1. Shape verdict for the range 56-129, please, from the Cα gyration tensor: rounded (a/c under 1.5), prolate (a/b greater than b/c) or oblate.
2. When only DSSP loop residues count, what trypsin sites (Lys or Arg not before Pro) in the range 57-144 have their Cβ near at most 12 other Cβ atoms within 10 Å?
Amino acid sequence: MATSPCPRCGQPNDYAANFCSSCGQAIGRADEQTEGHDFESETHGDSPTAALIATQGPTVGSRYNLEPGVTTVGRHPESHIFLDDITVSRRHVEISEGEAGFEVRDVGSLNGTYLNRKRIDSATLTEGDELQVGRFKLQFVTGQ
């Protein structure tokens, strides 16, 4: 079976697939022009980069870089971080970079959001924190 890598996370997908089976990113065939997101070469000026690494759930090993401004996380296809599982609300969490660092805020999810196994409405993320969104456990990492 011919495969095509996802332009967002690199996951091999069936050549005929329209969306990545891992992260939900729209993908196209090799002969089509796609709007990929090259995270490896992306820089945000002098501000530190941050990401969430999936440590549990259907997308284990996936890396989700946090967007400048607000990063949306949920089951809605237009979420920056698309987590396709019934345990995740369509609009579950927002993560934004503020003066105190990266802030996570539950935006009315049904199953709640957990930071280091404690249910939260909002909190500041620190290196190594474990964020749980539905069945997904995501480790917060930063670096230049």
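Every number in this text was worked out from the coordinates using simple rules, so none of it is lab data. No experiment lies behind these values; they were computed from the predicted model shown. Glycine gets a Cβ as well: all are built from the backbone with ideal geometry, and neighbour counts include every protein chain shown.
1. rounded
2. Passing sites in the range 57-144 are R117.
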